[in-house]
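Participant: Before I ask anything, here is the structure I am working with.
A short reminder: the numbers here are calculations on the coordinates, not readings from a lab. None of these values were measured; they are calculated from a predicted model. Quick reminder, even Gly has a Cβ in these numbers, built from the backbone with ideal geometry, and neighbours come from all protein chains shown.
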Amino acid sequence: MNIVSLNTTRACNLFCKHCYRNSGEDVDTSGELTTEECKQLFRDMKEAGFNMIKLSGGEPLMRPDIFELAKYAKDLGLYTCLGSNGTLINEDNILDIKKYIKSVAVSIDSTDKKTHDEFRGYEGAFDKTMEGIRLLRENGVKLQINTTISRLNKDEIREILDFATELGASSIHVLFLVMTGRGKNLGDSYLNKEEYLQAIKEVLEYESDIFIKPTCAPQSTVIAKDLGLDPRVRKACIAGTSYCSVVYDGRVNICPYAEIEAGNLRENSFLDIWNNSSIFEKLRDFDQYKGLCKTCNNHDICGGCRARAFADSGDYLGFDRYCSLVD
């Protein structure tokens, strides 16, 4: 499946500590892509062979035309997803969500209200998110739970997975912090390599009938292979090969967590950028990679995290220091 993640807006009603877009309530949204520019992106995606659009933010439900965009994408035949903090899902918009959105990914960072609210920068966020999830379930909307693992919650991974399962999630994506956006300020909250690899193993070993995926953790495929476990995905890092990010102002980045600009929709079409950008061409050629990520025999299933390599060294083709093969 080929996927674009579109940051529809930088506006957000929360102020999460790890936000990769520095989103908030008092941000300038005047330069964001227009409705027609977004629709042109969807048409170009379709022509380029993409079949899934993730409408994220900020908080996408703060964008006034979000359901017009969702309807247009759906009518084009794109699998349309929404990435939300869940707090703005209410009786006024749940029927539009049900009508136009195939799946909603809601973020939960802890089963403890206080911990979740502190991470999200808003007292009462947990309860509002639970209310949003209740409405999604009652209306039969497919639910995905996203959780970002750091030292703040690494000891409750199993509890979070149990909780998400109890909530009726169809899938759980366990994300790992990347040093970008406001996340750059969370230095002591980042897992060290040993903690990171242990957390991946814990996710992989969790037994469940629903789909659970370590995200921003390409080493998970190698660990799964070594342990004889289900890797959950064929290739972990798909940045630039079957996935990319479009920022609210038209920038096309290799992924949401790496400010590597392959082009801009206000200068070239998405179709042209996807097919001809030298940035994407390099990502698709493992001979261009550097260090151990270039010589590794597992680059066909791993590839290393390009966002983490960029955050560490400023080189998106560089070595991912969390490689499971290096002591």
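Participant: For Asp226 and Glu36, what does the FRET efficiency come to when R0 = 51 Å and r is the distance between their Cβ atoms, rounded to the nearest 0.05? List each step's numbers first, then the result.
Facilitator: Details: r = 49 Å, r/R0 = 0.96.
Efficiency for this residue pair is about 0.55.
Participant: Now for a different question. How would you order 105-111, 59-65, 265-271 from highest to lowest mean count of nearby Cβ atoms within 10 Å? Provide the component values of the computation, followed by the final result.
Facilitator: Working: 105-111: 22.4, 59-65: 20.3, 265-271: 16.6.
In descending order of packing, they fall as 105-111, 59-65, 265-271.
Participant: Next up: Give me, ordered by chain and number, the residues 5 or more places off Tyr243 or on other chains with an amide H under 5 Å from its own placed amide H.
Facilitator: Ile3
Participant: Something else: Which whole-percent values make up P(r) of segment 77-205 when all C-alpha to C-alpha distances are grouped in 5 Å steps starting at zero?
Facilitator: Reading the bins upward from 0: 2, 10, 20, 22, 19, 14, 8, 4, 1, 0.
Participant: Run the numbers on segment 1-82 and let me know its relative contact order in percent, using alpha-carbon pairs under 8 Å that are six or more apart.
Facilitator: Relative contact order for segment 1-82 comes out at 42 percent.
Participant: Would you calculate the convex hull of the Cα atoms in segment 271-327 and tell me its volume per residue in Å³?
Facilitator: Hull volume normalised by residue count: 84 Å³.
Participant: About the Cα centre of the chain, what is the dipole size in debye to 20, counting +1 per Lys and Arg Cβ and -1 per Asp and Glu Cβ, all else neutral?
Facilitator: It works out to roughly 600 debye.
Participant: Another question, if that's okay. Can you give the relative contact order of the chain as a percent, counting alpha carbon pairs under 8 Å and 6+ residues apart?
Facilitator: Working: 651 pairs, mean separation 53.6, N = 327.
That works out to 16 percent.
Participant: Ala262's amide H: which non-local residues (gap 5+, or another chain) put their own amide H closer than 5 Å, with H modeled 1.01 Å from N in plane and none for Pro or chain starts?
Facilitator: Val252, Asn253, Ile254
Participant: Name all residues of segment 246-278 having a backbone nitrogen under 15 Å from the label point set 7 Å from the Cα of Arg284 along its Cα→Cβ direction, giving them as ranges.
Facilitator: Backbone N within reach: 254, 262-263, 270-278.
Participant: Follow-up question, since we're still on this one. For segment 238-249, just list the computed ³J(HN,Hα) in residue order, Karplus coefficients 6.51, -1.76 and 1.60, θ = phi - 60°, integers in Hz, with x standing in for Gly and Pro.
Facilitator: Karplus values, whole Hz, x for Gly and Pro: 10, 4, x, 9, 9, 7, 7, 10, 10, 7, 3, 9.
Participant: Starting from the eigenvalues of the Cα gyration tensor, five times each then square-rooted, give me the equivalent ellipsoid semi-axes of segment 170-327, largest first, whole Å.
Facilitator: Ellipsoid semi-axes (Å, largest first): 26, 17, 17.
Participant: Right, something else. Plugging the Kirkwood radius over Cα pairs into Stokes-Einstein for the chain, at a temperature of 20 °C and a viscosity of 1.002 mPa s, what D comes out in µm²/s?
Facilitator: Translational D for this selection: 107 µm²/s.
Participant: Same structure again: Can you tell me the length gained on complete extension of the stretch Ile210 to Ser242, counting 0.36 nm per residue apart and subtracting the Cα distance?
Facilitator: Working: separation 32, 0.36 × 32 = 11.52 nm, distance 2.34 nm.
Extra length from Ile210 to Ser242 when fully extended: 9.2 nm.
Participant: Would you mind checking which residues have amide H under 5 Å from Cys302's amide H? H placed 1.01 Å from N; only 5 or more apart, or other chain.
Facilitator: Placed amide hydrogens put Ala236 under 5 Å from Cys302.
Participant: A 24 angstrom limit on the alpha carbon distance is what I want to check against. Which of Lys39/Lys99; Lys193/Lys294; Lys46/Lys290; Lys17/Lys128; Lys154/Lys290 exceed it?
Facilitator: Working: Lys39/Lys99 18 Å; Lys193/Lys294 20 Å; Lys46/Lys290 33 Å; Lys17/Lys128 18 Å; Lys154/Lys290 30 Å.
The pairs that break the limit, which is 24 Å between Cα atoms, are Lys46/Lys290; Lys154/Lys290.
Participant: Let me make sure I get this right: for segment 1-160, a, b and c are the square roots of the gyration tensor eigenvalues over alpha carbons, sorted descending. Under 1.5 in a/c it's rounded, otherwise prolate if a/b > b/c, else oblate. Which is it?
Facilitator: Since a/c reaches 1.5 and a/b is larger than b/c, the shape of segment 1-160 is classed as prolate.
Participant: Whole-Hz ³J(HN,Hα) for each residue in segment 282-291, computed from phi via Karplus 6.51 cos²θ - 1.76 cosθ + 1.60 with θ = phi - 60°, x for glycine and proline: what do you get?
Facilitator: 5, 5, 8, 10, 5, 5, 7, 5, 10, x
Participant: Let me ask you something else. In nanometres, what is the gap between the two model label sites at Asp315 and Asn51, each 7 Å from Cα along Cα-to-Cβ?
Facilitator: 3.7 nm
Participant: Tell me, what HN-Hα J-couplings in whole Hz come from the Karplus equation 6.51 cos²θ - 1.76 cosθ + 1.60 at θ = phi - 60° for each residue of segment 19-35, using x for Gly and Pro?
Facilitator: For segment 19-35, the Karplus curve yields 4, 7, 10, 6, 7, x, 7, 9, 8, 7, 10, 5, x, 6, 3, 6, 4 Hz.
Participant: How long is the gain from Asn139 to Asp162 if the chain were fully straight, where each residue apart is worth 0.36 nm and the alpha carbon distance is subtracted? Walk me through the numbers on the way to the answer.
Facilitator: On the way: separation 23, 0.36 × 23 = 8.28 nm, distance 2.23 nm.
Full-extension gain reported as 6.1 nm.
Participant: Need the full-extension length gain, Lys235 to Ser269, defined as separation in residues times 0.36 nm minus the C-alpha distance. One decimal, nm. Write out the running numbers ahead of the final one.
Facilitator: Details: separation 34, 0.36 × 34 = 12.24 nm, distance 2.74 nm.
Gain on extension, Lys235 to Ser269, equals 9.5 nm.
Participant: Out of every Cα pair in segment 26-116, what percent are spaced more than 20 Å from each other?
Facilitator: Every Cα pair in segment 26-116 considered, those over 20 Å come to 40 percent.
Participant: Moving to a separate point now. Going by average Cβ neighbours within 10 Å, how do the peptides 241-247, 127-133 rank, with the highest at the top?
Facilitator: 241-247, 127-133
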